[in-house]
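In what follows, a structure is listed as structure tokens, so that the remarks can point back to it.
Nothing in this text is a laboratory measurement; each read-out follows from the coordinates by a stated rule. The structure presented is a predicted model; accordingly, all values stated were derived computationally and were not measured. Note: ideal-geometry Cβ built from the backbone for every residue, glycine included; neighbour counts use all protein chains shown.
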Amino acid sequence: LNDKIQVKVGGMTCAMCAKTIESALGQLEGIIDATVNLGAETAYIEYNKDLISIDDIRKVIEGLGYQFLGTM
Ligand code: 9UX
């Protein structure tokens, strides 16, 4: 069964930032859906925790230069 989380993301300033994160996450094995809301500074992520962890997701977001500010 898939898990669903909302991540607070810092450092996004334009709409392309959100799309960059969405497409990077969306390409990962185990990510079912990644939808980033620029205005709310959140990422909705549906994933298979047998294939990918929250820590993996955090590293991808940080590797792109944004901040992973926690889950909610
Ligand atoms: Mo927009 Mo975001 O020019 O990293 S893509 S600020």
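Data for the structure
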item: Other-chain or far-sequence residues with amide H under 5 Å of Q67's (modelled H); result: G10, G11
item: Unit charges on C-beta of K, R, D, E only; dipole of the chain, Debye; result: 200
item: The chain - percent relative contact order, Cα under 8 Å, separation 6 or more; result: 45
item: Most mobile listed residue (G39, G30, G11) in the chain, GNM with C-alpha springs under 10 Å; result: G39
item: Within a Gaussian network of the chain (alpha carbon springs, distance under 10 Å), most fluctuating of L28, L51, L38; result: L51
item: Cα centroid of the range 28-71 to Cα centroid of the range 1-19, whole Å; result: 6
item: Local electrostatic count, V7, Cβ distance below 15 Å [Lys/Arg +1, Asp/Glu -1]; result: -3
item: Reciprocal mean inverse distance between Cα atoms of the chain - Kirkwood radius, Å; result: 11.8
